[in-house]
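Engineer: Encoded as structure tokens, here's the structure I'll be asking about.
The values are calculated or read from the model by the stated rules, or taken from the named source; none is laboratory data. Quick caveat: nothing in here was measured; it's all calculated off a predicted structure. Heads up, the Cβs are rebuilt from the backbone with ideal geometry, glycines too, and the neighbour counts pull from every protein chain shown.
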Amino acid sequence: MENSIEKSVRDLHDSFSNNEFEKTLGMAADDVVVEAYAFGATLRGKAEFNQFMQGFKMAFPDMRLRHDSFVFNGNKVAVEFTATGTHTGELHTPAGVVPPTGKSVSLAVAEFQTWENGKLKSIHNYQDSGALMRQLGLLN
């Protein structure tokens, strides 16, 4: 049986996959915090959360998220998912901009999320950026 936090996580990721960013942002608390470890960045508030999402969608406009597993503990969830897409736009990384390669990618991601009063309060986002760079032909 799906619980309310699982439904919220599914809705959040579905709205991202479907480019419904207003819906995604509406699910986040005003003071949402995203720890994006692959980028060495802490993003605060809805505007920076939106930049985080838009960065991926600019590089991979067709990116879709598929859930692999969930673990729940009260208002916290660990979710493992696979993001797939085609690199047709610029990818901005801490090392600089990666021009479009046209390559399809499959990216393993784990997020630890906290939800409060039906809103996304925080995300700790871990990505297999090494595998992503190999798929783009940037690492051997």
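Residue by residue, here is whether (1) outside any strand (DSSP E or B); (2) touching a Lys or Arg at 6+ places or on another chain (Cβ under 8 Å); (3) surrounded by fewer than 16 Cβ atoms within 10 Å (Cβ to Cβ) holds:
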{"residue": "VAL32", "(1), (2), (3)": "no, yes, no"}
{"residue": "GLN54", "(1), (2), (3)": "yes, no, yes"}
{"residue": "HIS67", "(1), (2), (3)": "no, yes, yes"}
{"residue": "PHE70", "(1), (2), (3)": "no, no, no"}
{"residue": "PHE81", "(1), (2), (3)": "no, yes, no"}
{"residue": "LEU107", "(1), (2), (3)": "no, no, no"}
{"residue": "SER122", "(1), (2), (3)": "no, no, no"}
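Engineer: I need the full set of residues from the range 1-25 which are loosely packed, with under 13 Cβ neighbours inside 10 Å and of a type outside the set (A, V, I, L, M), in order please.
Structural biologist: Across the range 1-25, the qualifying residues are GLU2, ASN3, SER4, LYS7, ASN18, GLU22.
Engineer: Would you call GLY85 outside any helix (DSSP H, G or I), touching a residue at least 24 places away in the same chain (Cβ under 8 Å) and touching a helix residue (DSSP H, G or I) at 6+ places or on another chain (Cβ under 6 Å)?
Structural biologist: No: the conditions fail for GLY85.
Engineer: Still on this structure: Looking at the range 91-98, can you tell me whether even one residue there is touching a residue at least 12 places away in the same chain (Cβ under 8 Å) and under 17 Å from SER122 (Cβ atoms)?
Structural biologist: Looking for residues that are touching a residue at least 12 places away in the same chain (Cβ under 8 Å) and under 17 Å from SER122 (Cβ atoms), one finds none in the range 91-98, hence no.
Engineer: Let me ask another. What residue, of LEU43, LEU25, is farther than 23 Å from SER106 by Cβ, of a type outside the set (Lys, Arg) and either assigned to a helix (DSSP H, G or I) or within 11 Å of the chain's Cα centre (by Cα) (or both)?
Structural biologist: LEU25
Engineer: Can I ask one more? Would you confirm whether or not the range 100-108 contains a residue that is at pLDDT 95 or above and at positive phi?
Structural biologist: Yes, the range 100-108 contains a residue that is at pLDDT 95 or above and at positive phi.
Engineer: Can I ask one more? Would you check which residues across the range 109-120 are in contact with a helix residue (DSSP H, G or I) (Cβ under 8 Å, 6 or more places away or on another chain) and buried (at least 16 other Cβ atoms within 10 Å of the Cβ) and list them?
Structural biologist: GLN113, TRP115, LEU120
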